[in-house]
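In what follows, a structure is listed as structure tokens, so that the remarks can point back to it.
The values are calculated or read from the model by the stated rules, or taken from the named source; none is laboratory data. Just so we're clear, the structure is a prediction, and the values are computed from it rather than from any experiment. Don't worry about glycine lacking a Cβ; one is built from the backbone with ideal geometry, like all the others, and counts go over all protein chains shown. Please note that ligands, DNA and RNA were not included when accessible areas were found on the heavy atoms of the full protein model with its side chains. Shrake-Rupley method; radii C 1.70, N 1.55, O 1.52, S 1.80 Å.
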Amino acid sequence: MPTPLPSSRQRVRFAQEGRPMSAEKLNWGVLGCGNFTRRRILPAVAASGNARVVALQRRRLEDAQATAREAGVPRAYATREELLADQDVQAVFVGSHHAGHLADVLAAAAAGKPVLCEKPLGMNADECRRMVAACEAAGVKLFVGHCGRYKHAIETARQQLAEGTLGELRGMRVCYGNKAKTGVWRRDCRVSGGGPLLDLGPHVIDAVRYISGQDVATVMATVDPQRDFRTGQCEDRARAILRLTGGAPVSVECSAIEPLRNGFEVHGSKAHLVGHYVLSNMESPVVRMERLTGDPDPIVSTPLPIEPREIYRLQIEDVSRALLDPRHSPRCATGADGVATLRIIDAIYASSELSKAVALG
Ligand SMILES: NC(=O)c1ccc[n+]([C@@H]2O[C@H](COP(=O)([O-])OP(=O)(O)OC[C@H]3O[C@@H](n4cnc5c(N)ncnc54)[C@H](OP(=O)(O)O)[C@@H]3O)[C@@H](O)[C@H]2O)c1
């Protein structure tokens with residue numbers, strides 16, 4: 001039996017005994033330890049106040065042992081079954097390649113362990129629905145690593161819109177372009193699900209949904225070249241106009257054939273927010289508020305202070321807290337957000353193939 005997570009009653013007792021909450025740490029097991037997990041997630045968990053990695057898994061035991069040694073993780077396994085049978089593992093982080101997410105999440109759910117799965121939750125919406133259903137049936141929580149929610153720029157845009165500073169939402173533009181790494185599974189859509197739409201698209205689409213607080217009603221898209229599951233060819237670039245449920249149009253673009261560039265524009269009836277480098281981690285984000293004042297000076301442009309944040313630490317602390325304390329309402333994306341994101345991505349591919357608008361219903 002897995003180590004049970006504390007109930008809310010236990011949490012109250014801890015608090016009354018005056019034990020610092022930070023003394024309580026959730027034990028994570030990690031399935032798949034590629035570049036991203038080694039460089040970002042393991043250090044983020046180590047720096048967190050309420051989480052630790054007690055075991056990790058890689059396909060070759062020697063690789064798993066070497067990674068565990070470097071990261072100070074006590075146990076290393078070569079199979080997911082061994083990791084999931086580890087009694088100390090209370091929650092599972094899935095960092096495998098996209099084709100591995102479905103089997104990893106289903107196995108974690110069957111073992112009764114809650115999951116934080118890297119984006120995209122699945123390679124398509126059907127896979128995501130299966131994961132959500134399995135986690136619901138097992139009574140375990142499912143979170144998705146749409147880490148942009150922890151960025152100050154994204155949070156600022158969401159707040160300014162919700163508080164009415166920007167006025168009515170009239171439209172948005174979100175883009176993310178980055179040269180794809182070659183020679184890896186990312187360039188084979190049979191294991192990646194697609195090109196930049198699957199790799200960068202979840203960040204773009206979650207930013208649209210999270211900032212606007214709305215879902216997408218229709219999609220009109222162009223994907224170049226078309227994805228081809230017979231040859232594994234991925235698209236290089238996808239552009240789409242999304243119509244939000246509230247009516248505003250949103251232009252999104254994901255590209256794997258140009259140098260790093262990413263940003264948003266949020267257009268309101270009173271003001272616009274224009275942000276650069278708001279989705280990547282490598283550069284300092286810049287966000288300006290452009291107030292529409294009317295004639296004779298139509299725009300007053302003011303830079304907003306945007307702080308860099310340790311988004312992966314914030315994400316793991318948020319999810320760990322939600323699992324340790326049922327009263328905590330996490331910011332992290334859920335399985336339902338993962339499904340919504342892949343429904344939109346599926347619709348983008350379908351719209352491009354059919355050369356017509358696709359309604360999400
Ligand atoms: N949130 C973010 O900002 C962010 C950034 C980058 C990546 N990611 C996500 O993190 C996940 C992993 O990406 P990555 O950049 O770490 O990729 P990567 O370095 O290529 O690692 C791939 C992972 O998948 C495992 N894997 C299992 N079967 C595989 C196969 N047949 N071929 C290749 N790998 C296989 C690898 O196992 P071994 O450990 O045994 O090698 C490794 O753990 C993806 O879901 C990606 O979208 C998220």
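Take THR341 and decide whether it is closer than 22 Å to ALA162 by Cα and open to solvent by less than 20 Å² (accessible area, probe 1.4 Å).
Criteria met by THR341.
Looking at this structure, is GLY145 within 30 Å of LYS113 (Cβ to Cβ) and in contact with a strand residue (DSSP E or B) (Cβ under 7 Å, 6 or more places away or on another chain)?
Against the criterion (within 30 Å of LYS113 (Cβ to Cβ) and in contact with a strand residue (DSSP E or B) (Cβ under 7 Å, 6 or more places away or on another chain)), GLY145 qualifies.
Go through the stretch 222-251 and give me each residue that's assigned to a strand (DSSP E or B) and open to solvent by less than 10 Å² (accessible area, probe 1.4 Å).
VAL223, ALA238, ALA240, LEU242, LEU244, VAL250
VAL204 - would you say it is more than 19 Å from GLY100 (Cα to Cα), open to solvent by less than 50 Å² (accessible area, probe 1.4 Å) and in a helix (DSSP H, G or I)?
Against the criterion (more than 19 Å from GLY100 (Cα to Cα), open to solvent by less than 50 Å² (accessible area, probe 1.4 Å) and in a helix (DSSP H, G or I)), VAL204 qualifies.
Can you name the number of the only condition in (1) crowded, with 16+ Cβ neighbours inside 10 Å; (2) within 9 Å of the ligand (Cβ to nearest atom); (3) farther than 30 Å from ALA347 by Cβ that GLU118 fails?
(3)
Residues in the stretch 49-64 that are open to solvent by less than 10 Å² (accessible area, probe 1.4 Å) and within 16 Å of the ligand (Cβ to nearest atom): how many?
3
Please go through the stretch 65-81 and pick out each residue that is of a type outside the set (Lys, Arg), more than 10 Å from the ligand (Cβ to nearest atom) and crowded, with 16+ Cβ neighbours inside 10 Å. Outline the logic, then answer.
We begin by selecting, within the stretch 65-81, every residue of a type outside the set (Lys, Arg); these are 65-68, 70-74, 76-79, 81.
This time we only want the ones that are more than 10 Å from the ligand (Cβ to nearest atom), so: 65-66, 68, 70-74, 76-77, 79, 81.
Matches in the stretch 65-81: GLN65, ALA68, ALA71, VAL73, ALA76, TYR77.
Being assigned to a helix (DSSP H, G or I) and not small (Gly, Ala, Ser) is the filter here, so list the residues in the stretch 86-112 that pass it.
Answer for the stretch 86-112, where residues must be assigned to a helix (DSSP H, G or I) and not small (Gly, Ala, Ser): HIS98, HIS101, LEU102, ASP104, VAL105, LEU106.
Based on what the data block shows, is GLY148 open to solvent by 10 Å² or more (accessible area, probe 1.4 Å), farther than 30 Å from ARG227 by Cα and not hydrophobic (A, V, I, L, M, F, W, C)?
So GLY148 fails the test.
The rows are residues; the columns are (1) touching a His at 6+ places or on another chain (Cβ under 7 Å); (2) in the same structural domain as LEU197 (by TED's automatic domain parsing); (3) open to solvent by less than 50 Å² (accessible area, probe 1.4 Å).
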| position | (1), (2), (3) |
| --- | --- |
| GLU283 | no, yes, no |
| LEU292 | no, yes, no |
| SER329 | no, no, no |
| ILE348 | no, yes, yes |
| LEU354 | no, yes, no |
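In this structure, does ALA180 turn out to be within 12 Å of the ligand (Cβ to nearest atom), open to solvent by less than 40 Å² (accessible area, probe 1.4 Å) and at pLDDT below 95?
yes
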